[in-house]
Every structure is written in C-alpha cells, then in structure tokens.
Amino acid sequence: MAENTLEVSGLTKRFGKVLAVDHITFAVQAGEIVGLLGPNGAGKTTTINMLLGLIKPSAGSIFVFGKDLQKARRGILERVGFSSAYTSMQSRLSVWENLLVFGHYYGLPRPQEKIRGLLSEFAMDGLGQRLYGALSSGQRTRINLVRALLHDPQLLLLDEPTASLDPDIASRVRQFLFSIRDKRKISMLYTSHNMEEVAQMCDRIIFLHHGRIVANDTPLALTKTIELSVLSLRFDGSPQAAQKIVAEKGSLLEIRPPNILTAEVSTDRIGELLTAFAKSGITLIEVDITNPDLEDVFLKFARKGQDEPDPH
Amino acid sequence: MNPTRIKGVILEHLYHLRRSIEDITDTFFWPTMDLIIWGLMTTYFAGLSGTLPQIITFLIGGLLLWNVVWRVQQDISIALLRDVWNRNIINLFSTPLSPWEFLAGTIFLGMIKILLTMGLVSLLAWILWAFDIFRLGLVLIPFFANLMFFAWSAGIVITGLIIRFGMRIQSFAWSLILLAHPLSAVFYPLATLPPALQTVAWFLPTAHIFEGMRQVLAGGGLPGEHLAWAMALNVFYLAGAVFFFNSLFEQARVNGALTRLAGE
C-alpha cells in the first residue's frame, strides 16, 4: 500500500455556532493529486488553513509525512508549499526580491539558482527586476507558484493555481506540475473552479458540502454517478411525433424551429431512443450527445445541498 | 530561532524602505521637522523667561530620546501591517517562519532605523542648537537600551492585539504608544503631573529614564536608582509582552482571526 503524505482524521472546526468543517477524514498518498471541491462556504479554505496550521482545529488530527501537525508544524512546513490566487506579495518589492525573501523564510541561505531555474520554467525570465505590484494577475499567479516551489516541497496545497492564466500558460503550468509529481512523487491538494482542469489534473476528487465530505472518488467514477445525458437532435418530420418519442424515453428540454430538439435522456437509453426515431420514419439530420462531466457532478452536489437545510 | 529566516524579515523590510516614501518620511522627515519646530518654539519661550540653555537641553534631549520609543515601536507594528496591506500575511505564516522570528526581524530592523534617525537628528540638534547628545556620556547607552526595551514590549503587545482583533484597530500601531507620552514626562519634570498620575507614571520605565536624563543634564550625577527601576520594570514588561503575544496569537489561530487578516 502506498505511503500517505497527508492523513486527516475527524477534522472539525467550529467558529462559535458555525460548524465550518464537520468531522472530515481523508488521506493523500505520495504522488497523488487530489482535488478539493465544493461550493463557496463548503469548508475548503478552512480545511487548507488548518492543514497549514493557521487555524487550530476544534477536533480531529492532521498527520503530514507521518508527523502530527500540532506538534511538528514548523518542520512539516519546511516540506509543504502553498500557493493561492487570492494572496499577493509585497507590491513594492521586485519579483526577484520577493522570491529571495521567501527563499530565506524557507531556510534557504542561497536560493538564487533555484529562483532563476523556476522563473525560466514558468516563462518569466525577464520579469525578475519588475516590481510585483506592476505584474498582471496572470504573472502574479505564476510568481506565487514559483514561491511555493522554491524549497522543493513534498506536499503542495494549491488554491486556484491557474486562475487568471491564459490557456497556453495554464497548460504549461499543468504540465510542469505533472512533471514534478512524476519525478519527485509530490502530492498535491488542489482546489479550482475550472472543472475541466480538475478532471484533467486530479487522480481523485473530494467534494465538500456544508463542511462534510459528500463524495470522494476518481473523476470518472464521480461522472458516472450522473445518469443523464443531454441529446440534441435536428430532424425532418413531425415535431409532435418527435416529442412523443422523447416523452416516452426521457424528458424534453426544448423544441425550437426548424425542428431542433433538446432532451435529457438516461445514458443507457440513448440507443433505444435513436432506434425509436428510426422506426417512426423521422429522419435524423444531426445528433449531438453531451455526456455528463465533472461540472454536472459539481452542480448535482451543490444543488442537492441547496434543497437540503444546512444541518448546522 | 533560525537566523536565515530572521534575515529574510530584515531583507523584506529593508527592500521596502528603499522604495517607500512613507517609510523614508517616517524615518527622517518627521523627526527632523519635530526637532526644528520644538527647538524654535522652545527658543522663543525660553527667551521670554530667560532660562534658555537649560530648557533647550531638556526639551531637545527629551525629543531625541522619545523618538527611540516611538519609532522602534512603530517599526515593529507597521511591519506586520505592511504584510497585511499587501495580502502577504497568509504566505508569510504558511512558511516555517515563526511569529517570534518575524518579531525578531522587525526588532532588529527597528534598531537599524532608529540608529539612522538618531544619527541624523542628533547631528541637526548639534548644528542648530549646539545640543550634544553625547553630553549625557556613557549613561546614554542604558538610557537608549531601556527606551528600546520598552518600545519592544509595546510593539509586541500592539502587534499581538492587531493579529487578534484585526485591522479595525490598525491605528493602534501609530497611536497607542502616545498614551505613555504624557505619563513619561518627556518634556517636563514628573512632579508636574497630578499626584495620582505621578504614582502611575513611576510604573513606566520611560518616566524613570526621562527623569534620569534631566538629572544628568542638570549635572546631578548618575541616576542609578532610576536606571535600576527602569531595568526591572522593562524585564517585567518584556516578559509580560511575550506571554501576552503568545496568548493573543494562539487565540487568533483558534478563532480564525489570523486568516481573516488576509481578507481585511
């Protein structure tokens, strides 16, 4: 069995009457990339802040590299990198100065070589002397990542690591994260609102809602929990007859001229529906099937939560 | 305490000093203006009463030494605020940097800056009013040290309060220490205060130092008793400040105030 980099057990955080995180238990193995998803207020940020030791848990335990975070926080943080799109660095310091300062905070007496290498890796060689405050948000996001990687961490806590990046740079960043994961078996806990990216990056996804874990599985397995696909058809024939077939096999979402129909159909009944059209004599000109993705999973859990009262 | 991390704190704020007009103003401009305005005013009033030299020395001596308390305390507390204003506070404490390493860095930085401030202002005082701070002799060293120790205690407590209670009390960083100013009897003998306040004032190390300063400038010899009291009180206050800061920082971790600072 693979060694766990991070083990969280019964982790709970209560702020007065508000239960922000409710007895969550999960682990991240060495080299594993785990997505931490959930709607706003689900408890993601509080969880990450507890993993950094910035918030003290009300109950439960956090073990990182086999050590208790409450007892060995500083030693653990020497091997943990954190990057968030929602934090900044000193705006009046240059990029180089900021990174040099953080190199010292991580206990590296001569981080210059490392900084040069990482700036080059993230296509930012020419920006070292630029003031941090003069950077675009995409450039800041990349510099935040460089900062988090300065000390060759073994666990990365990444909060929206590719926010504000253009697709080309975002892809480059993802490739880099994959490469360091493969080379050094770095574990990552990853939050993002970009579901496509999460599906691409993460080996496993933990969904949080109202502070609880409501799902913990691979992206594929989670996607399979959504049974409905969206079918879009352009046809030649009677709209009434087409509507009748759809009503028998699924549910009609929309029908608009010229004979375009959108319906929600159980994934395993799509074949039946298309056969029924063929038998009815309606000619299908165009068929488009949209299979469920992680965004549908996210919406399912988020909406489920909206329908249910907050247990706290 | 890791010296590399403390060096990081010093570097961060020294780099900032180079590019911050506000910081340069605080370090050099305000103390210079204070000296000029108070010096001129005292010259005028003292000229009216005919006791010019003595009053000028008391006032300028008080002004120079009060700068030690004010600037050192402010440097400690504003260093934290600067990281909050720049939304850097979570980044900072997500590294192995401990709050005590952070404070040690800001304390060291405060020492560098106050030496620069004192160097400039003392030179100006000598040029403009022939006031030689070194007339105080070697006793200047324990005076300076005690004022700095008191500023450290105040800076540590104020920083802890801001961490615990958030940015709504950020003005404490540059205002709270002024509560100690009238009680420290910086510009006048302590006997000027009402009797009840005199009793309170004797619990401030600064009051002992400024009384001692006037004793030396008036040719009254080494103020051994004042220095002993100041030192004893400083040991007590520093120990209290350390305890109080630890408690406030821990409370901020429990109630989430530390991470809320990032969003304020």
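A short reminder: the numbers here are calculations on the coordinates, not readings from a lab. Only a predicted model underlies this, so the values are computations on that prediction, with no experimental measurement involved. Quick reminder, even Gly has a Cβ in these numbers, built from the backbone with ideal geometry, and neighbours come from all protein chains shown.
Please give the contour-minus-distance gain from A:LYS185 to A:GLU113: 0.36 nm per residue of separation, less the Cα-Cα distance, rounded to one decimal in nm.
Values: separation 72, 0.36 × 72 = 25.92 nm, distance 2.24 nm.
So the extension gain works out to 23.7 nm.
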query = For the Cα atoms of chain B, what angle does the longest principal axis make with the long axis of helix B:52-85, in degrees from 0 to 90, nearest 10?
reply = 0
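By the gyration tensor of its Cα atoms, with a ≥ b ≥ c the square roots of the eigenvalues, what is the shape of the range B:87-203: rounded for a/c under 1.5, prolate for a/b over b/c, or oblate?
Details: a/c = 2.43, a/b = 1.42, b/c = 1.70.
The shape class here is oblate.
Can you pull the mean other chain C-beta count within 10 Å for peptide A:83-92?
Averaged over the peptide's residues, the number is 6.
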Among beta bridges that DSSP assigns inside chain A, antiparallel share in %, nearest 5 = 70
key: Dipole-positive endmost among A:ALA242, A:ILE270, A:LEU231 within the range A:227-291 (Cβ charges, Cα centre)   = A:ALA242
query = Helix B:205-217 sits at what angle to the longest principal axis of chain B, using alpha carbons and giving 0 to 90 degrees rounded to 10?
reply = 30
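Note the per residue figure in Å³ for the convex hull of the C-alpha positions in the range A:56-172.
Working: hull volume 13.8 nm³, N = 117.
It comes to 118 Å³ per residue, whole-number rounded.
Efficiency by 1/(1 + (r/R0)^6): what FRET value for B:MET111 and B:ALA191, r their Cβ-Cβ distance, R0 = 35 Å, to the nearest 0.05?
Values: r = 33 Å, r/R0 = 0.93.
FRET efficiency, B:MET111 to B:ALA191: 0.60.
How far, in nm, would the chain grow between B:VAL200 and B:TRP126 when pulled straight, counting 0.36 nm per residue and subtracting the alpha carbon separation?
On the way: separation 74, 0.36 × 74 = 26.64 nm, distance 3.39 nm.
Full-extension gain reported as 23.2 nm.
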task = For chain A, with a Gaussian network of springs between Cα atoms less than 10 Å apart, report the residue from A:GLY107, A:GLY128, A:GLY16 with the top mean-square fluctuation.
result = A:GLY16
remark   = Non-local residues with an amide H under 5 Å from the amide H of A:ALA215, with H modelled 1.01 Å from N and Pro and chain starts lacking one, are A:PHE207
note = The answer for A:HIS151, listing residues at least 5 apart or on another chain whose modeled amide H is closer than 5 Å to its amide H, is none
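State to the nearest 20 debye the size of the charge dipole of the protein assembly as shown about its Cα centre, where the only charges are +1 on K and R beta carbons and -1 on D and E beta carbons.
Details: 50 positive and 48 negative charges, 199 e Å.
Computed charge dipole of the protein assembly as shown: roughly 960 debye.
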message = Which one, A:PRO57, A:PRO109, A:PRO39, has the greatest fluctuation when you compute a Gaussian network model over chain A with C-alpha springs under 10 angstrom?
response = A:PRO109
key: C-alpha long axis of helix B:3-19 to longest principal axis of chain B, angle in °   = 70
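Translational D (Stokes-Einstein, µm²/s) of the protein assembly as shown at 25 °C and 0.890 mPa s when Rh comes from the Kirkwood sum over C-alpha pairs?
Values: Rh = 27.9 Å.
It diffuses with D of about 88 µm²/s by this estimate.
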query = So which residue, out of A:ALA221, A:ALA302, A:ALA199, gets the largest mean-square fluctuation from a GNM of chain A using Cα contacts under 10 Å as springs?
reply = A:ALA221
message = I need the calculated FRET efficiency for the pair B:ALA228 and A:GLU295, taking r as the beta carbon distance and R₀ as 60 Å, to the nearest 0.05.
response = 0.25
remark   = Under the helix-only model (-39500 (n - 2.57) for each DSSP H run of 4 or more, divided by the residues of chain A), the mean residue ellipticity at 222 nm, to 500 deg cm²/dmol, is -11500 deg cm²/dmol
note = Amide H neighbours of A:PHE82 at under 5 Å, excluding residues fewer than 5 places away on the same chain, with H built from the backbone geometry, are A:LEU157
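When N counts the residues of the range B:3-263, how does its alpha-carbon radius of gyration compare numerically with 2.2 N^0.38 Å, as a ratio? All intermediate terms of the calculation are to be shown ahead of the outcome.
Values: Rg = 19.1 Å, N = 261, 2.2 N^0.38 = 18.2 Å.
The reported ratio for this selection is 1.05.
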task = May I ask you to compute the full-extension gain from B:THR32 to B:MET167, defined as 0.36 nm times their residue separation minus their alpha-carbon distance, rounded to one decimal in nm?
result = 45.6 nm
inquiry  = Past 24 Å, Cα to Cα: identify those pairs from A:LYS44/A:LYS300; A:LYS17/A:LYS67; A:LYS249/A:LYS300; A:LYS56/B:LYS113, in the order given.
reply    = A:LYS17/A:LYS67; A:LYS56/B:LYS113
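Within 10 Å of each Cβ of A:44-50, how many other protein chain Cβ atoms are there on average?
Shielding by partners across A:44-50 averages 3.
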